[in-house]
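Following: one structure in structure tokens, then a few remarks.
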Amino acid sequence: MYKKFYGLKENPFNITSDPAFFFPSMRHEEAFNHLTYGINSRKGIIVVTGEIGTGKTTLCRMLLNRLSDQVKTALILNPNFSDIQLLQMIVHDLGIDCQKKNKLDLVRAIALFLVDQSTRGRNVAVIIDECQNLNIRQLEQIRLLSNLETEKEKLLQIILVGQPELNDKLQNPTLGQLTQRVTVRYHILPLDKSEVKHYIAHRLKTAGASRRLQFTTQAIETIYAYSHGTPRVINILCDRALLGGFVRETFVIGEEIIQKCIKEIRGPKEASFTYEYHT
Ligand SMILES: Nc1ncnc2c1ncn2[C@@H]1O[C@H](COP(=O)(O)OP(=O)(O)O)[C@@H](O)[C@H]1O
Ligand SMILES: [Mg+2]
């Protein structure tokens, strides 16, 4: 609702992971380098972890955009289903034509596809998000898929993305064979202090903001102190702050607005802005 007031094309701080707003932070770029290295050199299984809101899903989507045409990809965003359904999703996402529904046929169809792609000089990567939610059976199924290889190379690159609990899950003794196959690992850390400023500026600019709309240095310090650099928290706070600025009819977002927004986010008892109830 503040979009018109600020002359914005879009909401700058949506909490969806829109690649158009991607900010190449040091950690995200490093994560990309690890991932592309792992995929291109056919390392088998790669594990990417990060706390909630650090940008893991954003990274997955960007990876799809950035990988060359020589890599066929499947992205499973919410693997909240059985091991057979997981196979079905992979088959579907890779565009494999397989009418059969049983496990053996699905695995066979994937294997044939992988061999065919390999003879064409193509690589195949399956990216699975929210892997901390996978159960042992699903992870075991993934291990079986990772067995598909020729004498020379791995035919399928598997990227497991999840919250840090994923690492605990992978420690389960029954998954020893899977864990041993993990060759590349990366843990995404939040943005550092100087990046928070650039991150906010980048998102504002992408949304079409003019230079008049500014967050003061103090405001940014406070945003950093509260969010510890986690993009999701920054977005939630900045979105509210723009609403606060709009209510005050100002283009300058100062520390006071940020402090009030933090109070609101922390709990209704502390809230002192009343405008939010009218939106
Ligand atoms: N590098 C980035 N550039 C732009 N926005 C980002 C970046 N990383 C995270 N975000 C934003 O932060 C929010 C949370 O990111 P998300 O990828 O959903 O985190 P996670 O999957 O780790 O919980 C999203 O709104 C997303 O757009
Ligand atoms: Mg996510």
For helix 255-266, report the angle its Cα long axis makes with the longest principal axis of the Cα atoms of the chain; keep it between 0 and 90° and round to the nearest 10°.
50
I need the trypsin sites (Lys or Arg not before Pro) found in segment 40-119, filtered to DSSP loop residues with at most 14 other beta carbons within 10 Å of theirs.
100, 101
Pair residue 174, residue 263: separation of 7 Å Cα→Cβ label points (nm):
5.2
Report, to the nearest 10°, how far helix 136-146 tilts away from the longest principal axis of the Cα atoms in the chain, using its own Cα long axis and a range of 0 to 90°.
60
Using a 10 angstrom cutoff on alpha carbons, build the Gaussian network for the chain and name the most mobile of 175, 242, 166.
175
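What is the order of 126, 247, fewest Cβ neighbours within 10 Å to most?
Result, fewest neighbours first: 247, 126.
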May I ask you to work out the translational diffusion coefficient for segment 26-188 at 25 °C, viscosity 0.890 mPa s, via Stokes-Einstein with Rh from the Kirkwood sum over Cα pairs, reported in whole µm²/s?
156
In degrees between 0 and 90, to the nearest 10, how far off the longest principal axis of the chain does helix 103-119 point, with axes built from Cα atoms?
90
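Checking a compactness column here: for the chain, what do you get for Rg(Cα) / (2.2 N^0.38 Å), N being the number of residues?
1.18
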Counting other Cβ atoms within 10 Å, keep those with at most 13, restrict to DSSP loop, and tell me which GluC sites (Glu not before Pro) in segment 144-236 are left.
151, 153
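Bear in mind these aren't lab numbers, they're just calculated from the coordinates by the rules spelled out. Predicted model only: the values in this text are computed from it and were never measured. We place every Cβ from the backbone using ideal geometry, glycine too, and count neighbours over all the protein chains shown.
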